[in-house]
Each structure stands twice: as C-alpha cells, then as structure tokens.
Amino acid sequence: MIIDGHQHIVGDYAPILERMDALGIAKTVLVGVGVRNLDVVTIHDSPLFRSHLLFRTLGMLKARQLVNSRAFRENLLGDPRNEDVLRAVRERPDRFYGFAFVNPESPHAFTELRRCLAEGFRGIKLALVQYPTDLRGRNMTALSEVARECRIPVFMHLGIGAAAAEPEWLAEAFSDVTFIIAHAGVQRFEETIALARRLDNVFVDTSSYIATTGKLRRLCKTIGAGKLIFGSDVPVMCEDVGDALAKIDALNLPAAEKAKILGGNLAAILAQTGHPTTTS
C-alpha cells in the first residue's frame, strides 16, 4: 500500500484523488496552508539542492531573504488553514488522513488542534520556517504532551534559527512520541542522520526537491528503509507525486524495503494513534 505522507491542499480534493488513483496511491496525508497565496512559498527544482554544502550556505541565505521579504510577511497567515483538510477527511476518510497544521506561537493553536483531533486528524504538522518556535520552549513542550497523550506523530519542517532547527532535546525528552523530520532534515541533513540513528522515535521524510535521490540513497545506507517515510510535498516543493515516486524507484531497493518506505512505516505509526482526554 502506498501512502503519500505529505501533500498540501488548497480547495477541492478531487484533483488529488484523481492523481492518487492514476498512480496507485491508497492514502494521502493532507496538510493545510499557512499563506494566502501558495506562489509565495512554492519552490522549484534548483542546482542548489544537488550540493548539501551549497544548500546550507547560499540556499539558506535565500531562505532567510524569503522569510524577511515583504511579500512573505504580507501573505503569512497568523493561523494556518485546516478547512480544506477537514472537508476531505470528513468526506473521504477512506483515502485521506489529516495532520493539524498549527502555529505553536498562536493563542489559538490548542483550540485548533483540539478541533482537528475531534474530527479524526492523525498528526501535528509544524512549519518552523514560517512559524518558528523554541523547540525547548513551553509551547512546543505542551504540543508534544498532546502528541504523547493521543499517540500521534509530530511532523516538522525544521526552521532557520537554531532554536527552531535543533530537535534533539525534544526528541529525547519525548522518547514515546514519534517525530518525522521533513525533507531529509532540510539544512540539517547530517545532524538528522545522526539523530535518527540514535533515537528509535525519529523518522525522516523523503519529500521535496531537497531530499535528492543521492540523499535518499545515503539515508537508506545509514539509517535504513525502516526509518524513512515517503512523501511528495505537492505542490510546494514538488510538481507531481509521480516525481516523488520516481526517486524511490531509482533507489533499486528490495521489494520489502521499498514497501516500508512507500507506506509500511507510516501505516505502523498511524495504527498507534489514539484519542485525547484533554488538549489544554
């Protein structure tokens, strides 16, 4: 069974479902958006992603310029939108999972998380570039306590500043919570490898142009297929789910290992999810 573990939705889910059917994808994890216009944060493939050193330097400089730009600030929502995900999950729970996209620094974060969990959402999504927070701070600790109680994973795109980019303390403090690090760790690729090798509760997402085939091959060798979660990140940093699948095909893995990446690992994580008694 193939599960796309990371796709954004704006509006109707019918085009997503059509593409899923065409590619043989059984389920998709849907995530809302945190900007009024997705064009502002849509990233196209670039030579920057081929060299990790270049990405960590010039690539991160460009990322800082983006988040400090007027266009970004004017388009950023105070609270991400989960409405389109809610609709899809209500109407097609057989095909879609929802991860609650929240801003940890918003006073509405826990109200929104409570609402989404009541609707059957199965995880928490954090975009720490858009919505930075201290990963050792009170808000992140509280969110992780909810994740522990509900047995749901925390999926995070690491931020730019150190406080929002270093999840080691959090993953150690909440060893019974599953953390999925997006895009092969973004600029912290090497650190993510070390963390996932050391901690059983840390997994790595394969989505976006950042997670190149070369990086995925290295991840398979160092942390193993059992630690990888397939995702696309359509339409933000991937144009089509078929492109994301092609990267996994290019690894030429044994069928059992490929099956783990394409859905087995995430299915096992989501099978453990429960229901909260409180989220405040």
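The values are calculated or read from the model by the stated rules, or taken from the named source; none is laboratory data. Here the structure is a predicted model, which is why all the values come from computation and not from measurement. Every residue, glycine among them, receives a Cβ derived from its backbone with ideal geometry; neighbour counts consider all protein chains shown. Surface areas here come from the heavy atoms of the whole protein model, side chains and all, with no ligands, DNA or RNA. Shrake-Rupley method; radii C 1.70, N 1.55, O 1.52, S 1.80 Å.
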Which pairs do you get when a residue that is more than 13 Å from VAL129 (Cβ to Cβ), found in the range 55-71, comes within reach of a residue that is modelled with pLDDT of 95 or more, reach meaning Cβ atoms under 9 angstrom, with the pair 6+ apart or on two chains? PHE55/VAL186; PHE55/GLN187; PHE55/PHE189; PHE55/ILE210; ARG56/GLN187; ARG56/ARG188; ARG56/PHE189
Here the qualifying pairs (Cβ atoms under 7 Å; residues six or more apart or on different chains; first in the range 210-223 and buried (at least 16 other Cβ atoms within 10 Å of the Cβ); second of a type in the set (Val, Ile, Thr)) come out as ILE210/VAL186; LEU216/THR206; LEU219/ILE193; LEU219/VAL204; ILE223/ILE193; ILE223/VAL204
Members of the range 237-247 that are of a type in the set (A, V, I, L, M, F, W, C), touching a strand residue (DSSP E or B) at 6+ places or on another chain (Cβ under 9 Å) and surrounded by fewer than 21 Cβ atoms within 10 Å (Cβ to Cβ): LEU245
Being within 28 Å of ARG148 (Cβ to Cβ) and of a type in the set (Gly, Ala, Ser) is the filter; apply it to the range 70-121 and report the residue that is most open to solvent (accessible area, probe 1.4 Å). ALA118
Top-ranked residue in the range 35-69 [being closer than 20 Å to GLY161 by Cβ and among the charged types (D, E, K, R); ranked as surrounded by the most Cβ atoms within 10 Å (Cβ to Cβ)]: ARG56
Scan the range 227-240 and tell me whether some residue there is over 30 Å from LEU66 (Cβ atoms) and of a type in the set (A, V, I, L, M). no
